[in-house]
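Comments concern the structure below.
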Amino acid sequence: MRRTTLLTLFATLTLMASASTTLPVKGQIINPTDKHIQYIGRICFDNPMRPRFTFPGVQINARFTGTSLKMMAKPKSGYFMAQIDEAEPFKVSFMAEKDSVVTLATSLPKGDHTVRLMYVIEGYDLKPSFWGFVLDKDGKMLDAPALPERRIEFVGNSITCGYGVESHNPNDPFEYETENHYMTYAQQTVRNLDAMAHVVARSGIGVYRHYGGPKTGTPENVMTTEYEYTNLYDRSERWDFSRYQPQVVCINLGTNDLSTNNYDVKLFKQAWKKFVGQVRQHNPKAKIVLLCGSMLNGKELEIAKKTLNEVAEEAQKTGDKEIYRFDFTPQTGDISYGADWHPSFWQQQKMAGELTAFLRSLMHWF
């Protein structure tokens, strides 16, 4: 398994990620319904004691008193990034068959502390859910950190998910162990801008056909379908868009539509127009940015740029003046590749720098 050395797994304050399932849980259990817990992202609360989610980037934040903190989640929920106070973020695994409790911190100094958790993989086949925290017996929950005023939504594919970003070998296949949304251009941009974000992303997805799909398209397996729901491949709950109204929506799609030489440019453009209208309907006041990702090159790159330019120009001509365009610099491998030729951490960092500068200017976020 290839892991980046850029993230320190054990930071100060004896931060740990150790499983605990066979011993009784000692301490004060804080249920997911606790009013002090802050949730960010598309999360289904049909069972309030077991909130569930599948999109990367979902966040669970809290403040507490005490010297230790444990997290509870469904076994095989996947991977999270955790940060205690201002210490280095570290990766937490809930991938074992029975592990449902993980120690996030021990030997903390007495006082107030903050925990920030982010789900960093695509969980549509794992069906993750959060089960709560465990504090010291004399610990207590405090009001959650204030939410940032700047709000972004990212809609995307594997590039946005962080597919293979922890790998250093383009011949590596997809593995959950090397996917990490925290390290993507999206979340690096969010941190650069002191913003918050909702993320709707899945590897292989397109606007009119998924990766390797038929030329006629895959209407049941594209973003125009998935965008309407709280969780991937789950039609039990339609997302309530009033729960989150971003100021800017960044859409990075099209790579999978054009990834194999079996696409229809006319259908591609029609689907883009439809999806932009769909996003506008749900986010009437947001600026919408159509991004061209870093993995396309040659003829397909030119088709993508031309199509997005036309979609933006036509939308503006029909009255929507808040549609914008932005192109990432295509990757060349000079700063490495991730798994399956996906952007490396350094490529994602470069993308974040480019998008941060663009959004600062567009949104006047200085």
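The values are calculated or read from the model by the stated rules, or taken from the named source; none is laboratory data. Since we're looking at a predicted model, the values are computed, not measured. Using ideal geometry, Cβ is built from the backbone for each residue, glycine included, and neighbour counts are taken over all protein chains shown. For accessibility, only protein heavy atoms count, side chains too; no ligands or nucleic acids. Shrake-Rupley method; radii C 1.70, N 1.55, O 1.52, S 1.80 Å.
Overview of values
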item: Hits in segment 132-189 (condition: under 24 Å from Ser242 (Cβ atoms) and under 10 Å from the mean Cα position of the chain (by Cα)); result: Glu153, Phe154, Val155, Gly156, Thr160, Ala186
item: Any hit, segment 306-319, residues being assigned to a helix (DSSP H, G or I), hydroxyl-bearing (Ser, Thr, Tyr) and touching a Lys or Arg at 6+ places or on another chain (Cβ under 8 Å); result: yes
item: Candidates Asn231, Asn256, filtered to the one that is in contact (Cβ under 8 Å) with a residue 24 or more places away in the chain, among the polar types (S, T, N, Q) and in contact with a helix residue (DSSP H, G or I) (Cβ under 9 Å, 6 or more places away or on another chain); result: Asn256
item: Segment 319-338 residues that are open to solvent by less than 40 Å² (accessible area, probe 1.4 Å), paired with ones that are in a strand (DSSP E or B) and of a type in the set (Val, Ile, Thr) (beta carbon under 7 Å, 6 or more apart); result: Ile323/Ile288; Phe326/Val289
item: Residue in segment 262-276 that is buried (at least 21 other Cβ atoms within 10 Å of the Cβ), closer than 22 Å to Phe328 by Cα, under 20 Å from the mean Cα position of the chain (by Cα) and not β-branched (Val, Ile, Thr) present; result: yes
item: Checklist (1) over 23 Å from the mean Cα position of the chain (by Cα); (2) modelled with pLDDT of 95 or more applied to Arg280, failing item; result: (1)
item: Residues (open to solvent by 50 Å² or more (accessible area, probe 1.4 Å) and assigned to a strand (DSSP E or B)) located in segment 87-123; result: Ser93, Asp112, Arg116
item: Criterion violated by Glu153 - all others in (1) among the acidic types (Asp, Glu); (2) assigned to a loop (DSSP other than H, G, I, E, B); (3) open to solvent by less than 30 Å² (accessible area, probe 1.4 Å); (4) farther than 21 Å from Glu177 by Cβ satisfied; result: (2)
item: Single residue of segment 280-294 satisfying the filter (surrounded by 21 or more Cβ atoms within 10 Å (Cβ to Cβ) and aliphatic (A, V, I, L, M)) that is farthest from Gln245 (Cα to Cα); result: Leu291
item: Looking only at segment 124-138, and only at residues there that are part of a loop (DSSP other than H, G, I, E, B) and out of contact with any Leu (no Cβ under 8 Å at 6 or more places or on another chain), the one that is most open to solvent (accessible area, probe 1.4 Å); result: Lys137
item: Segment 283-297, residues that are without any contact (Cβ under 8 Å) to a residue 60 or more places away in the chain, closer than 30 Å to Gly333 by Cβ and within 20 Å of the chain's Cα centre (by Cα); result: Leu290, Cys292
item: Any strands (runs of 3 or more DSSP E) falling wholly within segment 166-251 and containing at least 2 residues that are open to solvent by 10 Å² or more (accessible area, probe 1.4 Å); result: 195-201, 234-238
